[in-house]
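K.L.:
Pasting a structure here, questions to come.
The values are calculated or read from the model by the stated rules, or taken from the named source; none is laboratory data. Here the structure is a predicted model, which means the values were calculated and not measured. Positions of Cβ are backbone-derived with ideal geometry, glycine not excepted, and every protein chain shown enters the neighbour counts.
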Amino acid sequence: MNHPTPEQPADVVARLRATFRTGRTKPVEWRTTQLRRLREMLTDNGADLAAALHADLGKSSAEAFRTEIDFTVREIDHTLDHLADWLRPESAPVPAHLGEDARAWTQYDPLGVVLVIAPWNYPAQLLLAPVVGALAAGNAVVAKPSELAPATSAALARLLPAYLDTDAVAVVEGGVPETTALLAERFDHIFYTGNGTVGRIVMRAAAEHLTPVALELGGKSPAFVDRDTDLDVVADRLVRGKFLNAGQTCVAPDYVLTDPATAAALEPALVRAVETLFGTDPSQSGEYGRIVNERHFDRLTGLLDSGRTVVGGDSDRTTKYLAPTVLADVAPDSPVMREEIFGPILPIVTVPGLDGAIDFITGRDKPLALYVFTESDDTRARIAAETSSGALGHGLPLAHLTVSDLPFGGVGESGMGSYHGRYSIETFSHRKAVLEKPLS
Ligand code: NAD
């Protein structure tokens, strides 16, 4: 169906709900066809999407493919490989009082019409990966890209209807007014990725209709560096994880926690790692991104006074360039430590040692990710037992989210619910309990 004039949110939802009621989205064949079409959309139009991501965020083509386009293709392939298995009903033992001929099992039912609201930082991946899960679970989907990544939003609004079943999948573009109007409608699930302030607005709106939500939020993800580690390896991995997408990654290491002696030794290692990755002038590196808009640029440059600059610090508002920056001697209550940085500034905060680090982490909001660099099994075990975070990464930031069989999500202030792979099926389905007792 073509819709020359934009439909009202109520009409979009009613249209998709009517499709869902016909049962069209439920057969596995419909789901796998949609996933294959989505895969084709990505492979046919990879260059266009990469260009849009470059326009919005200065992402290099290699990074756009690695972190958004190919990432989503892998998620689709993993889902296509395993979907039949994941959807298989699971039998449950029946108690003796029901008799030997009774059977019980659970089966996954699609929820209905799902709303996916995406942010601007990985504007393709963070819209499409939840859509993969929602379709794989047999739902109709309204996809709302971020207005702060307008080129990617426009590309997805053009491409998705060209490839997918438009009676079951709709893209609604727009910002606060459009999203507010959508949120007034009754959905069967709302999947929101973004910040906690809007997460609360989403949850309040969902409560009106008793709609379940997944909130994929952010926060400050610490990186603890133990003494006696290979600091060149640590610095290389920290720099790659932190400065990808110019630090605008929800699971980027937000700050480093370490003891004073290790901090002093880590500083030159971080300088070397930045130079190795981006050269002495990162503004000339094709691999280094830009800040999404002036508002975030101004917010980030306002945080640069929070410590001594070890490397970076220079910026250019006209191109929204902010150099990969490391700050040392940062006080725990300085501005850069009071909010999620979400940009290319890496503060180093010192603590006396492991106990101090655990106190520091547990005294703050539960992070989306916690990274630990240590050679000690005891340290790993203590951190695993004594802290809570969405994910725990030993030795390598960010990489956990590329493991399709791990759930991706937060806890506490960093969110609720999870997805990727089979966890998307859990999120976008109702696990129905069924009991069967023969009549004769
Ligand atoms: P954003 O500004 O693009 O907002 C996200 C979405 O919320 C957009 O689609 C936007 O239109 C919508 N929105 C904004 N204000 C709204 C309102 N008042 N009512 C209804 N909808 C509204 O993105 P953002 O929030 O700046 O994203 C950055 C945050 O997202 C960071 O905190 C980051 O850590 C987090 N994040 C989390 C994940 C994750 O997977 N956990 C991934 C990426 C980003």
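K.L.:
State all residues of the range 308-332 that are over 22 Å from P268 (Cα atoms) and outside any loop (DSSP other than H, G, I, E, B); if no residue qualifies, say none.
P.N.:
Selection gives D316, Y321.
K.L.:
A further question on this structure: Given T193, T249, T180, which one is hydroxyl-bearing (S, T, Y) and either away from the ligand (no atom under 13 Å from the Cβ) or farther than 20 Å from Q125 by Cβ (or both)?
P.N.:
One residue alone meets the criteria, T180.
K.L.:
Same structure, new question: Pull up the range 208-242, narrow it to residues that are among the hydrophobic types (A, V, I, L, M, F, W, C) and more than 23 Å from the chain's Cα centre (by Cα), then point me to the one that is surrounded by the fewest Cβ atoms within 10 Å (Cβ to Cβ).
P.N.:
Among those residues, the one meeting the criterion is L210.
K.L.:
May I pose another question? Exactly one of (1) touching a Lys or Arg at 6+ places or on another chain (Cβ under 6 Å); (2) under 23 Å from V28 (Cβ atoms); (3) not aromatic (F, W, Y) is unmet by L53. Its number?
P.N.:
That leaves (2) as the condition not met.
K.L.:
Only one of L127, L148 is surrounded by fewer than 24 Cβ atoms within 10 Å (Cβ to Cβ) and within 13 Å of the ligand (Cβ to nearest atom). Can you tell me which?
P.N.:
Values: L127 fails: surrounded by fewer than 24 Cβ atoms within 10 Å (Cβ to Cβ).
Result: L148 is the single residue among L127, L148 that is surrounded by fewer than 24 Cβ atoms within 10 Å (Cβ to Cβ) and within 13 Å of the ligand (Cβ to nearest atom).
K.L.:
In addition: When you scan the range 79-90, do you find a residue that is within 19 Å of the chain's Cα centre (by Cα) and modelled with pLDDT of 95 or more, even just one?
P.N.:
Yes; the residues of the range 79-90 include at least one that is within 19 Å of the chain's Cα centre (by Cα) and modelled with pLDDT of 95 or more.
K.L.:
Given the structure, is V94 more than 11 Å from the ligand (Cβ to nearest atom) and part of a strand (DSSP E or B)?
P.N.:
Answer is no for this residue.
K.L.:
Can we say V256 is in a strand (DSSP E or B) and buried (at least 23 other Cβ atoms within 10 Å of the Cβ)?
P.N.:
Values: in a strand (DSSP E or B): yes; buried (at least 23 other Cβ atoms within 10 Å of the Cβ): yes.
The answer is yes for V256.
K.L.:
Grab the helices (runs of 4 or more DSSP H) fully contained in the range 17-91, keeping just those with 3 or more residues being at negative phi and surrounded by fewer than 16 Cβ atoms within 10 Å (Cβ to Cβ).
P.N.:
Hits in the range 17-91: 28-44, 46-57, 70-87.
K.L.:
Against the conditions (1) surrounded by fewer than 20 Cβ atoms within 10 Å (Cβ to Cβ); (2) under 21 Å from R240 (Cβ atoms); (3) β-branched (V, I, T), where does T301 fall short? Just the number, please.
P.N.:
With respect to (1) surrounded by fewer than 20 Cβ atoms within 10 Å (Cβ to Cβ); (2) under 21 Å from R240 (Cβ atoms); (3) β-branched (V, I, T), T301 is out only on (2).
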